[in-house]
Amino acid sequence: MTVHAAAALIAFAALQIWLVTSAIAAGAPSGLIAVALVMLLALAVPIARMTERHWYHLSRQALASWGLHARFRRDVRRLWVAALTLPFLWVSGAMAATDAIAAIAR
């Protein structure tokens, strides 16, 4: 799980940075997007670490069960889905909020 958590965080950060720079190039205010990036990374790292720590403890206890492999695959799938979809949801939400604030301010 450690390898999956580390790789998912790298993919998440790279995708998030790419989307944020694209949003800034499209005219989004850099302050709001930068704050959104910091907030999301502050949430993503602890969640990935908790998932990795959970599986580290399970492996140290050497729990052998039929459902353990299925649970591992499910957690890996959830980790990667979150890493690859959250940046799109977050940046599009931040862009929509920025547009709404700009419309109200006019």
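Tabulated results
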quantity: Counted charge near ALA7, where neighbours are those whose Cβ lies closer than 15 Å (Asp, Glu -1; Lys, Arg +1); calculated: +1
quantity: Loop chymotrypsin sites (Phe, Trp or Tyr not before Pro), segment 11-106 (other Cβ atoms within 10 Å of the site Cβ: 16 or fewer; DSSP); calculated: TRP66
quantity: With Cα atoms, 0 to 90° folded angle of helix 68-105 axis to the chain main axis; calculated: 10 degrees
quantity: Highest to lowest packing among 24-31, 44-51, scored as the average C-beta count within 10 Å; calculated: 44-51, 24-31
quantity: MRE, 222 nm, helices only [DSSP H, n ≥ 4, -39500 (n - 2.57), over the chain, to nearest 500]; calculated: -32000 deg cm²/dmol
quantity: Translational D in µm²/s for segment 1-49 (Stokes-Einstein at 37 °C, 0.692 mPa s, Kirkwood Rh from C-alpha pairs); calculated: 287 µm²/s
quantity: Residues of the chain: accessible area per residue with a 1.4 Å probe, Å²; calculated: 66 Å²
quantity: Carbon/sulfur fraction of accessible area - the chain, other protein chains in place, 1.4 Å, %; calculated: 73 percent
quantity: 0 to 90° range, to nearest 10: angle between helix 2-25 axis and the chain longest Cα axis; calculated: 10 degrees
quantity: Vicinal HN-Hα couplings computed from phi for segment 34-50 (Karplus, 6.51 cos²θ - 1.76 cosθ + 1.60; Hz; Gly/Pro x); calculated: 5, 5, 4, 5, 5, 4, 5, 5, 5, 8, 6, 5, x, 5, 5, 5, 5
quantity: Charge-dipole axis of the chain as Lys and Arg at +1 and Asp and Glu at -1 on Cβ define it, positive-most pick from ALA23, ALA34, LEU86; calculated: LEU86
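The values are calculated or read from the model by the stated rules, or taken from the named source; none is laboratory data. This structure is a prediction, so every number in the text was calculated from the model and none was measured. Reconstructed Cβ throughout: ideal geometry from the backbone, glycine too, with neighbour counts over all protein chains shown. For accessibility, only protein heavy atoms count, side chains too; no ligands or nucleic acids. Shrake-Rupley method; radii C 1.70, N 1.55, O 1.52, S 1.80 Å.
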